[in-house]
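Notes follow the structure.
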Amino acid sequence: MMEALSMDKRIKWPLIGLCLMGVFAVNLTVSAFAAEEAKITALNPLGQPPPIALVPMAPRLDTLDGKTIYIVDIGFTDTHQFLEEMQKLLAERYPKANWIVKNKIGTYFEDDPKLWAEIKAKGGAMIMAIGH
Amino acid sequence: MMFQELVKTYAYKKGMPNERFTFVPHPITGQAASVCRKYLEGNDPITGKPVLQEIVEAITKPLTPEEKKMGFLARPVERLLKPDTPDNLQRFFTENGWTDGLPIVLPTEERVAEMLKGTSHKADEVVGTMQPSSPHEPWSYTVEKVAVNAVMAGAKPEYFPVILALASTGVPSLFTSTTSFARMVVVNGPISGQIKMNTGIGALGPFNQANATIGRAWTLMSKNLDGGGKIGQTYMGSQGNNLNYNNVCFAEREDRLPPGWKPFHVQKGFKPGESVVSVFTGWSLIRADTSLAQQLHVQMPFWLSGFTPYQGASLFLDPLIADQLIGEGFDTKEKLIQWLYDNTKTTAGDYWGNYFHIANFVLPNAKKGDEPFASWLKLPKDAPMPRFADLDRISIFVVGGETNLFWQAGDFRYIASASVDKWK
């Protein structure tokens, strides 16, 4: 009888341990399953932006001497005064270059192909500025 | 500093990610020439380098290999987001700037499919393009994308044709300007009754799902369908505008228009039986505290004279006010509009001297010869002139629940209309 009880103990506790582990494993699976189930899929609300066409920068001047640099005023309130001061200072510090302030036509949203053509033909560089 | 992000992202989108730029302290507007000089002799507040040195280096320093690059950058947008819990998705949407700060209805495939039942148009049909303002890049969007944003707003499928019509205008409700624009949407025609929009008591307030969610959907579309509403990049409104939450979304109360007064959409050439959305741009609303001791129309120019002449005037008249105006001899909206145009005046000195938008957007065109502005520019300073540039700038709506004789107005100018029926 004692021997039988011992045998039972040898089997019983490991069996109980195995059962407990089984219950624990089932609980883990249920929890994991519940967590997985709680995830949902939503659609992206964003529209489609156009592809970007890279524009290589224009070559830079190797010297300012003898060059005409356009300073373009796009027309925002008080920009002109700011650019006049810029023109004066640049002319003082770099007198061998010719610094010109020019107004773009229309509002600051408008294109000015005539001015761009003039700058391409006569200018070495362009600075465009907004005084906000 | 606040413009650095805008300049960088804008240059990037224009294909010039390496554009060379220099900053001076802000603002320039309103500063004396001596201050401008001081800024220019000082340092760039972002880089710390001398401003003039930076300017000269920008035009003389040789290009790097990166600056010489050509080619295309595609920017594909995934249709589905990575699966996650609802709470995490709410956070994700908010942190990405895809909401108006309020919780949204998550746009699951099931909900979007349900919304798509509100239209006969296919999910992959391109509705149009939209851009935060004209210098910014236009983005395109499909019926499905509009449905996603409509679900987010909490709209029902029966509202979807109205929301599609709004999307089809290509007009964003969020505009980039530092001036903090607002927009307005007005619904006309049978659809407003079919989807039970509120045109009575509280029509302009938060009392109805259709009014609330259609207006909200426009805000969400303006953030998501065109890359708008990104603070510092595509939204620069210095103070913002509280009207952006709902965009003054309402339906005109057509059943209480006095005889002879046409619904707004009919004034714009649509048939009475057509359903239409109309969109407007402006900034603000006022409530006119008018006296009943005098004729109503006589008091109106006073209340409208606080509006900038750059935009227009939209009047929201309770039906009782409209009835009163009939008694004062205005048996059509057009007669009232003409009277208001003729009698809401300013002086040439005020018009050309006192308004930021007139100086920046009208004066250059006046100098180019555009009329009537070119002629108005020649007027002496004390010469009276109409406050609003033309009759189309004044719009009249009847809306409200007849609990009292009140009216409101906004500095809103008409932009465009679109058919709702087309999107059913």
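The values are calculated or read from the model by the stated rules, or taken from the named source; none is laboratory data. The shown structure was predicted, so the numbers you read here are calculated from the model rather than taken from an experiment. With ideal geometry, Cβ positions are generated from the backbone for all residues, glycine too; neighbour counts draw on all protein chains shown.
In the set B:E125, B:E137, B:E110, only one residue is free of Cβ contacts under 8 Å to residues at least 40 places away in the same chain and in contact with a helix residue (DSSP H, G or I) (Cβ under 6 Å, 6 or more places away or on another chain); that residue is B:E125. Inspect all residues belonging to region A:92-114 and state whether any of them is surrounded by 16 or more Cβ atoms within 10 Å (Cβ to Cβ), outside any loop (DSSP other than H, G, I, E, B) and touching a Cys at 6+ places or on another chain (Cβ under 7 Å). No, because not a single residue in region A:92-114 is surrounded by 16 or more Cβ atoms within 10 Å (Cβ to Cβ), outside any loop (DSSP other than H, G, I, E, B) and touching a Cys at 6+ places or on another chain (Cβ under 7 Å). With the condition kept exactly as written, say whether any residue in region B:330-348 is in contact (Cβ under 8 Å) with a residue 60 or more places away in the chain and touching a strand residue (DSSP E or B) at 6+ places or on another chain (Cβ under 8 Å). So far as region B:330-348 goes, yes, one or more of its residues are in contact (Cβ under 8 Å) with a residue 60 or more places away in the chain and touching a strand residue (DSSP E or B) at 6+ places or on another chain (Cβ under 8 Å). What number of residues in region A:66-84 are surrounded by fewer than 21 Cβ atoms within 10 Å (Cβ to Cβ) and at the interface with another protein chain (Cβ under 7 Å from one of its Cβ atoms)? Qualifying residue count, region A:66-84: 4. Residues satisfying the criterion are present in region B:239-249 (criterion: closer than 26 Å to B:W139 by Cα, modelled with pLDDT of 95 or more and aliphatic (A, V, I, L, M)).
Residues of region B:228-242 that are in contact with a strand residue (DSSP E or B) (Cβ under 6 Å, 6 or more places away or on another chain) and at positive phi: B:G229 alone. Which residues, taken from region B:236-265, are outside any loop (DSSP other than H, G, I, E, B) and either surrounded by fewer than 19 Cβ atoms within 10 Å (Cβ to Cβ) or of a type in the set (S, T, N, Q) (or both)? Correct list: B:N242, B:N244, B:Y245, B:D255. Name the single residue, out of those in region B:351-375 being more than 10 Å from every other protein chain (Cβ to nearest Cβ) and buried (at least 18 other Cβ atoms within 10 Å of the Cβ), that is nearest to B:G282 (Cα to Cα). Here the answer is B:I358. Taking region B:49-86 as the range and being more than 8 Å from every other protein chain (Cβ to nearest Cβ), surrounded by 13 or more Cβ atoms within 10 Å (Cβ to Cβ) and more than 24 Å from A:Q87 (Cα to Cα) as the test, no residue passes. When region B:1-19 is filtered for residues that are in a helix (DSSP H, G or I), modelled with pLDDT of 90 or more and of a type in the set (A, V, I, L, M, F, W, C), only B:A11 remains. Assessment of region B:394-412 against the conditions (more than 14 Å from chain A (Cβ to nearest Cβ) and hydroxyl-bearing (S, T, Y)) yields at least one matching residue. Does region B:20-36 contain any residue that is assigned to a helix (DSSP H, G or I) and of a type outside the set (A, V, I, L, M)? Yes, some residue in region B:20-36 is assigned to a helix (DSSP H, G or I) and of a type outside the set (A, V, I, L, M). Do we have any residue at all in region A:47-65 that's more than 10 Å from chain B (Cβ to nearest Cβ), out of contact with any helix residue (DSSP H, G or I) (no Cβ under 8 Å at 6 or more places or on another chain) and assigned to a loop (DSSP other than H, G, I, E, B)? Yes, region A:47-65 has at least one match. Say we look at region B:95-132 and pick out the residues that are in a helix (DSSP H, G or I) and within 12 Å of chain A (Cβ to nearest Cβ); which of these is surrounded by the most Cβ atoms within 10 Å (Cβ to Cβ)? Among residues in region B:95-132 that are in a helix (DSSP H, G or I) and within 12 Å of chain A (Cβ to nearest Cβ), the one surrounded by the most Cβ atoms within 10 Å (Cβ to Cβ) is B:M115.
Among the residues of region B:1-14, the ones that are in contact with a Pro (Cβ under 9 Å, 6 or more places away or on another chain), at the interface with chain A (Cβ under 10 Å from one of its Cβ atoms) and buried (at least 17 other Cβ atoms within 10 Å of the Cβ) come to 1 in all. For region A:91-102, the criterion of a residue being more than 9 Å from every other protein chain (Cβ to nearest Cβ), at pLDDT 95 or above and in contact with a Ser or Thr (Cβ under 7 Å, 6 or more places away or on another chain) is satisfied by at least one position. Candidates B:Q194, B:Q233: the one that is surrounded by fewer than 24 Cβ atoms within 10 Å (Cβ to Cβ), farther than 16 Å from B:M152 by Cα, of a type outside the set (A, V, I, L, M, F, W, C) and modelled with pLDDT of 95 or more is B:Q194. Any chance region A:96-115 includes a residue that's in contact with a helix residue (DSSP H, G or I) (Cβ under 7 Å, 6 or more places away or on another chain), farther than 20 Å from B:G42 by Cβ, touching a residue at least 24 places away in the same chain (Cβ under 8 Å) and among the hydrophobic types (A, V, I, L, M, F, W, C)? There is at least one residue in region A:96-115 that is in contact with a helix residue (DSSP H, G or I) (Cβ under 7 Å, 6 or more places away or on another chain), farther than 20 Å from B:G42 by Cβ, touching a residue at least 24 places away in the same chain (Cβ under 8 Å) and among the hydrophobic types (A, V, I, L, M, F, W, C). Inspection of region B:68-78 finds no residue satisfying the criterion of being of a type in the set (D, E), closer than 19 Å to B:L225 by Cα and in the same structural domain as B:N242 (by TED's automatic domain parsing).
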